[in-house]
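Reading through the structure tokens given below for one structure.
The values are calculated or read from the model by the stated rules, or taken from the named source; none is laboratory data. Just so we're clear, the structure is a prediction, and the values are computed from it rather than from any experiment. Backbone-built Cβ (ideal geometry, glycine too); neighbour counts: all protein chains shown. Accessible surface is based on the protein model in full, side chains and every heavy atom, while ligands, DNA and RNA are left aside. Shrake-Rupley method; radii C 1.70, N 1.55, O 1.52, S 1.80 Å.
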Amino acid sequence: MTQQQALQEYLLRLADSDMILGQRLSELTGKAPALEEEMASMNVALDLVGQARNWYEYAAELIDDGRSADNLCFLRDAHDYRNLLMVEQPNGDYAVTIARQFFFDVWHYFTLKSLTNASDERIAGIAAKAVKEATYHLRRSSEWVKRMGDGTEESHRRIQDAFNLLWRFTGELVTPDEVDHAMFKAGIGPDPEQLKQDWFGMVREVAAQATLTTGAEDAWMYMGGKRGEHTEHLGHILAVMQFLPRAYPDATTW
Amino acid sequence: MYAQMVDTGTKRLKTLEEMSPEERDFQEKVDAETKIEAKNWMPDGYRKTLIRQISQHAHSEIVGMLPEGNWVTRAPTLKRKLQLMAKIQDEAGHGLYLYSAMETLGASRDEEVQKLHDGKAKYSSIFNYPTLNWADMGAVGWLVDGAAIVNQVVLQRTSYGPYARAMVRICKEESFHQRQGYQILLDMMREGTQEQKDMVQDAINRLWWPALMMFGPHDDESPNSQQSMAWKIKRKSNDELRQMFIDQTIPQLEYLGCTVPDPDLKWNEERGHYDFGEINWKEFYDVLKGDGPCNHERISTRKKAIDEGTWVREAAVAYAEKQKQRAAKAA
């Protein structure tokens with residue numbers, strides 16, 4: 001794999017993960033547990049889709065095969081999607097929505113923070129804006145984890161169940177592969193070892209404050225999103241998300 | 001109009017002589033265009049009417065997110081998805097803002113929302129119609145937000161200060177939504193395929209009459225209007241507003257190259273207005289009563305969200321309480 005290929009792969013991971021989580025959150029329109037949450041979750045979704053657009057645009061320029069940012073988003077099938085498996089998991093109850101967000105936000109925050117120092121200026125620029133948004137996302141999801149964990153008996157049970165349910169998808173966030181290593185070597189991506197430490201450090205700290213337990217680091221992990229092997233959910237997400245461009249391939253303007 | 005047929009509790013206007021000194025003082029203030037503020041004395045009927053109207057308006061913003069939520073997951077481009085998400089977020093914001101304006105009158109958000117879920121409070125009838133193709137996202141912005149603006153621009157001068165100020169802010173955002181909605185339709189009509197153009201016409205065909213119904217019944221069928229006008233909660237009559245909307249919308253329709261499903265629509269040189277056909281009032285009252293295509297679905301979705309979110313809100317309260325106790329102990 002050339003460095004150029006690794007960079008394209010890496011950009012698609014960032015873009016697709018943002019996009020799919022934004023899509024999941026927009027499924028909650030009009031269905032959030034409170035009006036304030038309606039605002040907050042749409043706000044996060046907007047940030048994520050906005051970031052996805054920035055990453056797709058850069059990826060489209062580098063790939064340079066005539067496909068636009070929209071084409072990359074709306075005309076690739078599941079096996080070409082590179083998002084983390086975590087973000088494609090269903091919304092579940094609000095505890096699952098929050099736990100998914102929290103695990104992702106910790107990864108997202110430390111990744112973006114590191115990317116602000118990337119040797120690639122375009123990436124550093126996108127990350128500098130995105131990390132401000134991710135800082136807020138992380139503060140919000142951490143607060144909710146604490147409220148649920150240290151709230152009522154029911155909320156504690158639900159968020160603990162959500163942590164248990166989603167733990168098997170956390171391994172992918174902190175297990176580097178060839179692309180991650182290549183990006184680190186190129187002075188773009190985060191140090192995989194550091195990212196792992198930071199992720200566990202913050203997750204354990206917040207979990208402790210929330211009186212929650214986390215799974216084992218060496219627990220069995222479900223991985224594959226970064227190389228295009230997804231859970232069954234992604235195909236359904238794309239079927240909805242890509243419906244119009246697929247159903248009307250002759251339409252060039254919407 | 002996001003508030004239809006708001007009950008004022010009065011069938012006949014009092015003359016100044018029949019009013020108590022407080023009422024007279026209040027009415028004179030209203031007549032002099034002095035804004036009424038939360039701390040001012042106001043007749044009980046005025047307060048109740050405003051609570052009904054503002055809560056209806058807030059409920060409409062919130063229920064109105066659902067027909068758009070139906071398409072936000074299927075928006076065809078990144079740009080359109082971001083626009084629609086931002087519009088929905090604005091609407092949640094309008095809802096919050098309006099509930100706050102309503103709370104200045106001593107009403108409780110939870111209680112008013114409960115009335116909505118129990119079928120006792122209304123919201124705009126327009127949101128009981130389904131959104132069936134993507135062009136509906138353009139047509140809703142253009143026609144529905146457009147109709148709302150015609151009403152709300154006038155409400156910027158409504159007599160109750162907090163409501164008037166909320167309208168100023170909301171109007172700005174809705175004008176933006178309306179232009180965006182129109183642009184969706186215009187792009188499809190100008191550069192779209194025949195299938196896309198058909199979507200646009202289909203959306204207008206379905207939403208035209210329901211949009212006109214947003215202004216409420218004819219003036220002579222609107223028993224509460226007179227009192228609302230005297231209190232300057234309402235500033236123009238239903239029929240006047242409807243006519244204004246039609247007059248400003250038809251040139252935009254023609255520019256799109258589309259038609260509306262009304263054979264009686266034509267320019268009346270003498271009146272200087274468009275003539276138009278009669279609204280199907282049976283449908284209007286049916287939808288208002290609960291018998292519209294999506295009434296059941298809209299309310300049950302909202303009710304489910306709030307009911308299933310009970311444990312989340314309880315957790316937040318319990319956590320805040322614990323934090324407070326801890327802080328007190330530490331101090």
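Being free of Cβ contacts under 8 Å to residues at least 40 places away in the same chain and among the basic types (Lys, Arg) is the requirement here; does A:Arg82 meet it?
Considered against the rule, which asks whether it is free of Cβ contacts under 8 Å to residues at least 40 places away in the same chain and among the basic types (Lys, Arg), A:Arg82 comes out as no.
For the range B:79-133: of the residues being within 8 Å of another protein chain (Cβ to nearest Cβ), of a type in the set (A, V, I, L, M, F, W, C) and surrounded by fewer than 22 Cβ atoms within 10 Å (Cβ to Cβ), which is nearest to the chain's Cα centre (by Cα)?
B:Leu96
Being closer than 23 Å to B:Glu91 by Cβ, within 14 Å of chain A (Cβ to nearest Cβ), out of contact with any Ser or Thr (no Cβ under 9 Å at 6 or more places or on another chain) and touching a residue at least 60 places away in the same chain (Cβ under 8 Å): is that true of B:Leu212 here?
no
List the helices (runs of 4 or more DSSP H) that sit entirely inside the range A:144-254 and contain at least 3 residues that are within 14 Å of chain B (Cβ to nearest Cβ) and under 30 Å from A:Gly66 (Cβ atoms).
Those helices (runs of 4 or more DSSP H) span A:233-241, A:243-247.
Among (1) in a helix (DSSP H, G or I); (2) within 24 Å of A:Ala239 (Cβ to Cβ); (3) at the interface with chain B (Cβ under 8 Å from one of its Cβ atoms); (4) more than 14 Å from the chain's Cα centre (by Cα), where does A:Ala60 come up short?
(3) is the only condition that A:Ala60 fails.
In the range B:141-239, which helices (runs of 4 or more DSSP H) lie fully inside it and hold 1 or more residues that are at pLDDT 95 or above?
Hits in the range B:141-239: B:145-155, B:161-191, B:194-213.
Quick check on my filter: what residues within the range B:249-274 are open to solvent by less than 40 Å² (accessible area, probe 1.4 Å) and either without any contact (Cβ under 8 Å) to a residue 12 or more places away in the chain or of a type in the set (Asp, Glu) (or both)?
Those that are open to solvent by less than 40 Å² (accessible area, probe 1.4 Å) and either without any contact (Cβ under 8 Å) to a residue 12 or more places away in the chain or of a type in the set (Asp, Glu) (or both): B:Asp262, B:Asn268, B:Gly272.
Need the failing condition index for A:Asp70 against (1) assigned to a helix (DSSP H, G or I); (2) open to solvent by 10 Å² or more (accessible area, probe 1.4 Å); (3) among the acidic types (Asp, Glu); (4) more than 14 Å from every other protein chain (Cβ to nearest Cβ), just the number.
Unmet condition: (4).
Can you find even one residue in the range B:55-70 that is polar (S, T, N, Q), facing another protein chain (nearest Cβ under 9 Å), surrounded by fewer than 24 Cβ atoms within 10 Å (Cβ to Cβ) and under 18 Å from A:Gly50 (Cβ atoms)?
Within the range B:55-70, none of the residues are polar (S, T, N, Q), facing another protein chain (nearest Cβ under 9 Å), surrounded by fewer than 24 Cβ atoms within 10 Å (Cβ to Cβ) and under 18 Å from A:Gly50 (Cβ atoms).
Can you tell me which condition B:Tyr46 does not meet? The list is (1) within 14 Å of another protein chain (Cβ to nearest Cβ); (2) in contact with a Phe, Trp or Tyr (Cβ under 6 Å, 6 or more places away or on another chain), and all the others hold.
That leaves (1) as the condition not met.
Which of the residues that make up the range A:97-125 are open to solvent by less than 20 Å² (accessible area, probe 1.4 Å) and either over 13 Å from the mean Cα position of the chain (by Cα) or of a type in the set (Val, Ile, Thr) (or both)?
Within the range A:97-125, A:Thr97, A:Ile98, A:Val106, A:Thr111, A:Leu115, A:Ala118, A:Ile123, A:Ala124 qualify.
Take the range B:303-331 and flag every residue that is in a loop (DSSP other than H, G, I, E, B) and open to solvent by 80 Å² or more (accessible area, probe 1.4 Å).
Hit for the range B:303-331 is B:Ala331, nothing else.
Based on what the data block shows, is A:Val87 more than 9 Å from chain B (Cβ to nearest Cβ), buried (at least 24 other Cβ atoms within 10 Å of the Cβ), among the β-branched types (Val, Ile, Thr) and part of a helix (DSSP H, G or I)?
Yes.
Suppose we filter the range B:257-300 for residues that are within 14 Å of chain A (Cβ to nearest Cβ) and closer than 26 Å to B:Ile204 by Cβ; how many remain?
3
Of the conditions (1) more than 7 Å from chain B (Cβ to nearest Cβ); (2) out of contact with any Leu (no Cβ under 6 Å at 6 or more places or on another chain); (3) without any contact (Cβ under 8 Å) to a residue 40 or more places away in the chain, A:Lys31 satisfies every one except a single condition; which number is it?
Tallying (1) more than 7 Å from chain B (Cβ to nearest Cβ); (2) out of contact with any Leu (no Cβ under 6 Å at 6 or more places or on another chain); (3) without any contact (Cβ under 8 Å) to a residue 40 or more places away in the chain, A:Lys31 fails exactly one: (1).
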